[in-house]
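Q: Mind looking over this structure? Questions follow.
The values are calculated or read from the model by the stated rules, or taken from the named source; none is laboratory data. Just so we're clear, the structure is a prediction, and the values are computed from it rather than from any experiment. Ideal geometry is used to build each Cβ from the backbone, glycine not excepted, and the neighbour counts take in all protein chains shown. For accessibility, only protein heavy atoms count, side chains too; no ligands or nucleic acids. Shrake-Rupley method; radii C 1.70, N 1.55, O 1.52, S 1.80 Å.
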Amino acid sequence: MKTLKTIFTILSVALLTISCSSDDDKEDSVKYNEENPLDAYMAGSGFSQKAVDVKNSGIYEYGFSFKPTVTGKINALIVKIPDVNAALRITLWDAATKKVIKSETVNVATANVTVEKTIASIALTKDKEYFFTVNSDDWINRTKTDGSATTYPIVAGNITITGYAYISSTAAETIFPTNERNTYYAGDITFKFQRTE
């Protein structure tokens with residue numbers, strides 16, 4: 001009888017261990033879908049109403065600030081501009097320190113065609129503010145039909161857009177944008193974000 005109890009105890013502990021291990025594996029295998037905040041940003045701001053191509057109009061560093069509402073990562077960069085550019089620079093900034101986190105170059109071989117570039121993932125911290133910019137003399141100017149302002153912040157899935165800004169630049173410089181505007185968005189630049197926890 002004592003041997004039977006010992007065997008039963010061992011089997012119970014083994015089953016419990018397997019059960020716990022299986023639960024842990026399920027938690028570790030959760031994979032969240034990638035999301036692109038641009039469409040929700042344009043819809044929420046009203047800037048999806050009117051689009052005008054602007055070409056060769058002086059070089060600017062321009063883009064939007066944002067905060068992820070969850071911890072995650074950027075896996076790809078997405079851009080669409082109205083001209084070709086073999087070395088279009090896209091930059092992610094720490095908004096508080098105004099320091100560059102990462103810059104990548106994207107080859108835009110055809111005007112007005114969306115280009116996606118997969119990159120080594122960049123980790124983003126929940127509730128930390130970042131700035132996402134492009135350096136270009138071409139953009140799609142997006143506004144409301146009546147030209148009125150939008151109100152920030154704008155929730156776009158797990159990304160909250162906190163503003164838009166630009167600054168005059170050169171192709172060789174990477175300058176943090178400080179001229180805030182709420183009556184338009186120059187683009188199109190965005191990214192694929194994936195929640196990690």
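Q: Could you grab me the full set of residues in segment 122-171 that are among the charged types (D, E, K, R) and over 19 Å from V100 (Cα atoms)?
A: Result: D137, D138, R142, K144, D146.
Q: Now for a separate question. What is the one condition in (1) open to solvent by less than 60 Å² (accessible area, probe 1.4 Å); (2) touching an Asp or Glu at 6+ places or on another chain (Cβ under 8 Å); (3) of a type outside the set (S, T, N, Q); (4) under 23 Å from E180 (Cα atoms) that A96 does not satisfy?
A: Exception for A96: condition (1).
Q: Against the condition modelled with pLDDT of 95 or more and either out of contact with any strand residue (DSSP E or B) (no Cβ under 8 Å at 6 or more places or on another chain) or buried (at least 17 other Cβ atoms within 10 Å of the Cβ) (or both), how does T105 come out, does it pass?
A: no
Q: Sticking with this structure for a sec: Hey, among A86, A43, which residue is within 17 Å of the chain's Cα centre (by Cα), surrounded by fewer than 17 Cβ atoms within 10 Å (Cβ to Cβ) and free of Cβ contacts under 8 Å to residues at least 60 places away in the same chain?
A: When all the criteria are applied, what remains is A43.
Q: Given the criteria in contact with a helix residue (DSSP H, G or I) (Cβ under 9 Å, 6 or more places away or on another chain), among the hydroxyl-bearing types (S, T, Y) and free of Cβ contacts under 8 Å to residues at least 40 places away in the same chain, does T105 qualify?
A: No, not satisfied.
Q: Which of the residues belonging to segment 112-130 are open to solvent by 50 Å² or more (accessible area, probe 1.4 Å) and in a strand (DSSP E or B)?
A: E116, K117, T118, A120, S121, A123
Q: Follow-up question, since we're still on this one. Please find, within segment 160-197, the residue that is nearest to I81 (Cα to Cα) out of those that are surrounded by 15 or more Cβ atoms within 10 Å (Cβ to Cβ), modelled with pLDDT of 95 or more and small (G, A, S).
A: Ranking the candidates gives A186 first.
Q: Also, quick follow-up: Within segment 131-159, can you find the residues that are under 29 Å from A86 (Cα atoms), surrounded by fewer than 22 Cβ atoms within 10 Å (Cβ to Cβ) and among the hydroxyl-bearing types (S, T, Y)?
A: T143
Q: Assigned to a strand (DSSP E or B) and surrounded by fewer than 15 Cβ atoms within 10 Å (Cβ to Cβ) - does that describe any residue in segment 66-73?
A: Checked against the condition, which is being assigned to a strand (DSSP E or B) and surrounded by fewer than 15 Cβ atoms within 10 Å (Cβ to Cβ), segment 66-73 yields no hits at all.
Q: A further question follows. Being farther than 21 Å from A51 by Cα, within 13 Å of the chain's Cα centre (by Cα) and of a type in the set (A, V, I, L, M) is the filter here, so list the residues in segment 102-157 that pass it.
A: I119, I122, A123, L124, V155
Q: List the residue pairs whose Cβ atoms are under 7 Å apart, where the first residue sits in segment 165-179 and is over 14 Å from I90 (Cα atoms) and in a loop (DSSP other than H, G, I, E, B), the second is modelled with pLDDT of 90 or more and open to solvent by 30 Å² or more (accessible area, probe 1.4 Å), and the two are 6 or more positions apart or on different chains.
A: From residues that are over 14 Å from I90 (Cα atoms) and in a loop (DSSP other than H, G, I, E, B), the pairs are T178/I167.
Q: Here is a follow-up. Return the residues of segment 180-197 that are part of a strand (DSSP E or B) and over 16 Å from V54 (Cβ atoms); say none if nothing qualifies.
A: Correct list: E180, T190, F191, K192, F193, Q194, R195.
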